[in-house]
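The values are calculated or read from the model by the stated rules, or taken from the named source; none is laboratory data. Nothing here was measured: the structure is a model prediction, and the numbers come from that model. Neighbour counts are summed over all protein chains in view; Cβ atoms, including those assigned to glycine, are modelled from backbone coordinates with ideal geometry.
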Amino acid sequence: MCYRTKLNSKIKEIEKTFSAGFIDPESYSPQEEINGFNFSPTPVITDENPGEIDLFHWGLIPFWAKDDSIRKMTLNAKIETVEEKPAFRNSVNNRCLIIADGYYEWQWLDSKGKSKQKHLLEVQDQEIFAFAGIYSSWRNPNTDQLINSYSILTTEANELMSKIHNNKKRMPVVLNKPDREKWISGAQISQFSFPYEVQLKASKI
């Protein structure tokens, strides 16, 4: 799965990479490590506004939710079942690019995971990249606040990630450059499941 990411790049570098501009650049804060369970807003590009970079909250809240408690279970969405699960099936055609320049995973060094080795995963040919994501807009029934949120799609681990994420053997769907447009244009989701992959590099932390 993927619960910790990194986006420490400067605004100009991000905008150049995606040929898009931040709607509210002052709201962007570079972070060495983003904890998904903080449900914080991070930069995304949606299918509706591909020329704009907005901030959406990590942890998808479906439009029908009574409260936001579901988001702790929707940080990730399995690509194999995303079209069937109630939390996600209404959002599968709401595509977004979730911007990052790295993510973290822990390798179990024993059978129970009492000893772990942290790794930083980066893309070999992309200093800044995008996860495949889906998003939802939810209005809080108590405050009337509109919250835009997303989930990162995950797939079966490739050879490298099977060794690192050796307890679950999953990995996020990281998009190849030419496929960013393909993803947000609504290409069939199954095209992005393993063996679809990019070349990753891992560093021990």
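Okay, residues lined up against (1) at pLDDT 95 or above; (2) outside any strand (DSSP E or B); (3) of a type in the set (A, V, I, L, M); (4) touching a strand residue (DSSP E or B) at 6+ places or on another chain (Cβ under 7 Å):
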{"site": "PRO62", "(1), (2), (3), (4)": "yes, yes, no, yes"}
{"site": "ALA65", "(1), (2), (3), (4)": "yes, yes, yes, yes"}
{"site": "GLU83", "(1), (2), (3), (4)": "yes, yes, no, no"}
{"site": "VAL92", "(1), (2), (3), (4)": "yes, yes, yes, yes"}
{"site": "GLY113", "(1), (2), (3), (4)": "no, yes, no, no"}
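When the residues of segment 1-29 are filtered to those that are within 27 Å of ILE79 (Cα to Cα) and of a type in the set (A, V, I, L, M), the one that is surrounded by the fewest Cβ atoms within 10 Å (Cβ to Cβ) is MET1.
For segment 164-201, filtered to residues that are polar (S, T, N, Q) and part of a loop (DSSP other than H, G, I, E, B), the residue that is farthest from LYS112 (Cα to Cα) is SER185.
Within this structure, PRO43 fails the test of being on the phi < 0 side of the Ramachandran plot and in a loop (DSSP other than H, G, I, E, B). Applying the set (1) of a type in the set (Asp, Glu); (2) over 14 Å from the mean Cα position of the chain (by Cα); (3) closer than 24 Å to MET1 by Cα to GLU48 leaves exactly one unmet item: (3).
Residues of segment 137-174 that are among the hydrophobic types (A, V, I, L, M, F, W, C), surrounded by fewer than 21 Cβ atoms within 10 Å (Cβ to Cβ) and within 23 Å of SER91 (Cα to Cα): LEU146, ILE147.
Do we find that GLU83 is closer than 22 Å to LYS16 by Cβ and more than 12 Å from the chain's Cα centre (by Cα) in this structure? Here the answer is no, as GLU83 does not meet what is asked. Sub-6 Å Cβ pairs linking a first residue in segment 84-98 that is farther than 20 Å from PHE129 by Cβ to a second residue that is charged (D, E, K, R) and in a strand (DSSP E or B), at least 6 apart or interchain, number zero.
Say whether the condition of being over 27 Å from ILE61 (Cα atoms) and crowded, with 18+ Cβ neighbours inside 10 Å is met by at least one residue in segment 179-193.
So the first thing to find is which residues in segment 179-193 are over 27 Å from ILE61 (Cα atoms), and the list is none.
No, because not a single residue in segment 179-193 is over 27 Å from ILE61 (Cα atoms) and crowded, with 18+ Cβ neighbours inside 10 Å.
Please work out if TYR196 is in contact (Cβ under 8 Å) with a residue 12 or more places away in the chain and touching a Leu at 6+ places or on another chain (Cβ under 7 Å). It is false that TYR196 is in contact (Cβ under 8 Å) with a residue 12 or more places away in the chain and touching a Leu at 6+ places or on another chain (Cβ under 7 Å).
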